[in-house]
Amino acid sequence: MTDHAEPADRPGDDPRALEVEELRLEVERLRRRRARRPARTIPAVILIIVACVLAPLSVVSVWVADLVGDTDRYMATVGPLSSNPDVQAAVTNRVTNLVVQQVDVPAQVDNIVNGLKSAGIAPNAVSALGALSGPIENGITGFIHATVARVVASPAFTAIWNTVNRQAHTSVVKALTGQGGGAVQLNGNDVNIDLAPVIEQVKTQLVAAGLGLAARIPTVHTNFTVFSSDTVPKVKTGFRLLQIAGAWLPIVTVLIGAIGVLLALHRRTALIGVSLGIAVAMLILGALLAVGRTLTLQQLPAGASEPAATAVIDAVLHLLRITIRTVGLLALVVAIGAYLSGPSRFAGSVRGYCVWAVGLVRGLYDRSGLGLGPVGPFVHRARTWLIWAVLVIAALIFALWNHPTAAVVAWTVVIVLVALAILEFLDPSAPPPRRRPAARPAPVTDS
């Protein structure tokens, strides 16, 4: 046999060579990762920004879709306005003025005085009647006003209001799209309500009360101006675009944000960023809504009722405000949840205290002699899947809930926290701690 000398400089036999090779591979891995970073980071940032910009438009598009497609939701919005005192007062004044004009109370009083003169009444009596013409006019006008007020405050007015609006439940949409018909119409920059059905009801009541002159009031279509603004034509254009987008825009926005998070190198950081961005967008939308409301009320025409206009605008914007608050709160909850699941020292301390508290409860349960049976091992094996199942179910509940509110978000968070605590309790892998955990950072992981 011939002995063959092994080469002494093989990398496998030299620890230093192995270390150099590992360092070379690590440098190469870092170089490739750095080269990939712009290719993934830039598109991710762009998509996240787009999602934050589309979030306010998505909220408004949902509001528009509700006004267009949901008659019950529309009636829940405008129906209560029939019993609003400010709206009733404004309608009463407008109808009273119109009826007085149609009856022509001053002319009727003059006819009575002239008739008495022709009948040969003494001049002193005629002069006395002439002096009483003003109080007579005021008395008749007051009688008409009281009759109108009773009609407007009665169930008859509510029935008229609801019937007209239910027959044309897209009245507000028609006002913003310029289409004809309905109780609410748009003429130029003014949003008006047709009071013809109310006037007919008032005419019947006046005739029944003994004012026969009211029978001669013709059918009058008069407009009660709710509000007026030079920005209405601009609102019409944007409203049409949002009406076309409908309920699809929120789905597209969520998909764009999700793709941006998945493309990001640090997904948890990206999720926190997009959530905070949406929360800020909701704050800006709420501020713009408040400014727009104030400007609209400041541009009311001379004869319009500001309290009535305020009531109508607030009623129409009520659902939009609720949606803004709900989406903003949900975004903050997601951002906080993503942060607390991260590697920061504070997040690790919070998780540690929660585990410690649940561990104390589990320790008391174990000392009672009651076991978990096969449930414990099952929860331990499937814990990750169970946690994801809880989160997915919570997301589905929120997504399928019809018009969720901030209270729905809060209760969903409570339910999720309770479910996670139950899973921690049922997992027997960690014994209950004997003291509070020290504040130390959790292992550095990012996904």
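The values are calculated or read from the model by the stated rules, or taken from the named source; none is laboratory data. In this text, all values refer to a predicted model and were calculated from it rather than measured experimentally. Cβ sites come from the backbone with ideal geometry, for glycine too, and all protein chains shown count toward neighbours.
Tabulated data for the structure shown
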| quantity | calculated |
| --- | --- |
| Residue list for segment 350-377, restricted to those being in contact with a helix residue (DSSP H, G or I) (Cβ under 8 Å, 6 or more places away or on another chain) and basic (Lys, Arg) | Arg351, Arg362 |
| Enumeration of residues in segment 82-97 that are touching a helix residue (DSSP H, G or I) at 6+ places or on another chain (Cβ under 6 Å) and crowded, with 22+ Cβ neighbours inside 10 Å | Val87, Ala90, Val91, Thr92, Val95 |
| Residue count for segment 384-397, restricted to those that are surrounded by 15 or more Cβ atoms within 10 Å (Cβ to Cβ) and within 23 Å of the chain's Cα centre (by Cα) | 2 |
| Gly130 being modelled with pLDDT of 75 or more and more than 12 Å from Val198 (Cα to Cα) | no |
| Condition check for Ala183: touching an Asp or Glu at 6+ places or on another chain (Cβ under 7 Å) and modelled with pLDDT under 75 | yes |
| Checklist (1) surrounded by fewer than 16 Cβ atoms within 10 Å (Cβ to Cβ); (2) modelled with pLDDT under 70 applied to Asp72, failing item | (2) |
| Filter result (under 17 Å from Ile313 (Cα atoms) and acidic (Asp, Glu)) within segment 68-95 | Asp86 |
| Residues (over 18 Å from His145 (Cα atoms) and in contact (Cβ under 8 Å) with a residue 60 or more places away in the chain) located in segment 70-83 | Thr71, Arg73, Tyr74, Met75, Thr77, Val78, Gly79, Pro80, Leu81 |
| Residue among Ala175, Ala146 that is part of a helix (DSSP H, G or I), out of contact with any helix residue (DSSP H, G or I) (no Cβ under 7 Å at 6 or more places or on another chain) and at pLDDT below 80 | Ala175 |
| Filter result for Thr412 (part of a helix (DSSP H, G or I), modelled with pLDDT of 85 or more, surrounded by 15 or more Cβ atoms within 10 Å (Cβ to Cβ) and of a type in the set (S, T, N, Q)) | yes |
| Where Val261 falls short, out of the listed (1) surrounded by fewer than 16 Cβ atoms within 10 Å (Cβ to Cβ); (2) in contact with a Lys or Arg (Cβ under 9 Å, 6 or more places away or on another chain); (3) assigned to a helix (DSSP H, G or I) | (1) |
| Inter-residue pairs, beta-carbon under 7 Å, first assigned to a helix (DSSP H, G or I) and surrounded by fewer than 10 Cβ atoms within 10 Å (Cβ to Cβ) and in segment 12-39, second β-branched (Val, Ile, Thr) and modelled with pLDDT of 70 or more, 6+ apart | none |
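Residue-by-condition table, conditions (1) polar (S, T, N, Q); (2) farther than 21 Å from Gly79 by Cα; (3) without any contact (Cβ under 8 Å) to a residue 40 or more places away in the chain:
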| site | (1), (2), (3) |
| --- | --- |
| Leu288 | no, yes, yes |
| Val291 | no, yes, yes |
| Leu300 | no, yes, no |
| Leu317 | no, no, yes |
| Arg321 | no, no, yes |
| Ile324 | no, yes, no |
| Ala347 | no, yes, no |
| Tyr353 | no, yes, no |
